[in-house]
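A short write-up of the structure that comes next.
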Amino acid sequence: MLRQDNEQLRMQNTQLLQALTTTAGSRQHPPPSSSTSLSEGDYPLVQYWQKGKYNDVIGKKKGVTQVDAADVPKITAASFHFAEDAMGTPPTLETVAAIKATAASVMHDLAKAALLHDSGWSTMGQNVKERFREAMEKEYPDLRLCHGHWKADRIGTQQYSSWKASHGDRYFKQNMNTTVAEQENSLPIDSNISPLGPTLLPKRVGMGNACQIAIN
């Protein structure tokens, strides 16, 4: 009788272990890339679902002014701890490097489309932020494990200043020159305007208010 009870108990433990393994295995897969919101309750192992909790942790770690060179990679990885997977595991250094490279690539594409400007990431238009979020979350679905896309937004904030320092001038100057050229080419040409110099247009509002068009 005791042997039978032991055998039954062992079978129950085996079934329970298999169920736990299956559940854990399913949580290791990243969430599907979708526009639908995820539920925090479905991912109980994620530590930083809410932005405020991560900010609290960062606030407690402020004040460190000197570090050893050997610790720099660890600190770099720690700055991306929020980019955890569904098991609450932070990204490796290799993953952090890949995330940075992807962010830079997306910013290049946005700059080529003349959608970025020489200011902070927080001042970017909503369309720019949404395009960045979509691209980052598509490449790294674990970034969706949060409320309000704050993880993708934080990557944009963290990486934009360094990207701008390295590549911004080229894009911003190019876009500015292109805009000026387009504006000049779009000016209407009036055959009655003398090519020798500026011509005063008829006054529209009142005395002293006149417009000039310079013809090069």
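The values are calculated or read from the model by the stated rules, or taken from the named source; none is laboratory data. Because the structure is predicted, anything quoted here is derived from the model rather than measured. Every residue, glycine as well, gets a Cβ built from its backbone with ideal geometry; the counts of neighbours run over all protein chains shown.
Residues are listed down the side, and each one gets a yes or a no for (1) modelled with pLDDT of 95 or more; (2) small (Gly, Ala, Ser); (3) in a loop (DSSP other than H, G, I, E, B):
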| residue | (1), (2), (3) |
| --- | --- |
| Arg27 | no, no, no |
| Ser37 | no, yes, yes |
| Val57 | no, no, no |
| Gly63 | no, yes, yes |
| Asp71 | no, no, no |
| Met87 | yes, no, yes |
| Glu94 | no, no, no |
| Met107 | yes, no, no |
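Of the conditions (1) at pLDDT 50 or above; (2) over 25 Å from Lys129 (Cα atoms); (3) assigned to a loop (DSSP other than H, G, I, E, B); (4) not acidic (Asp, Glu), Thr14 satisfies every one except a single condition; which number is it?
Here Thr14 meets the rest and fails (3).
Of the residues Thr76, Thr102, only one is modelled with pLDDT of 75 or more, under 26 Å from Phe132 (Cα atoms) and either of a type in the set (Asp, Glu) or in a helix (DSSP H, G or I) (or both); which?
On inspection, the qualifying residue turns out to be Thr102.
Of the residues Gly156, Gly125, which is within 22 Å of Ala83 (Cα to Cα) and either crowded, with 20+ Cβ neighbours inside 10 Å or of a type outside the set (S, T, N, Q) (or both)?
Gly156
Quick one: count up the residues across the stretch 120-145 that are part of a helix (DSSP H, G or I), over 17 Å from Thr95 (Cα atoms) and of a type in the set (A, V, I, L, M, F, W, C).
So the count comes out to 3.
Among the residues of the stretch 117-136, which ones are farther than 16 Å from Ala165 by Cβ and either in contact with a helix residue (DSSP H, G or I) (Cβ under 9 Å, 6 or more places away or on another chain) or touching a residue at least 40 places away in the same chain (Cβ under 8 Å) (or both)?
The answer is Ser122, Met124, Val128, Lys129, Arg131, Phe132, Arg133, Glu134, Ala135, Met136.
Any idea which residue in the stretch 105-116 is nearest to Arg144 (Cα to Cα), counting only those that are in contact (Cβ under 8 Å) with a residue 40 or more places away in the chain and crowded, with 16+ Cβ neighbours inside 10 Å?
Within the stretch 105-116, the match that is nearest to Arg144 (Cα to Cα) is Met107.
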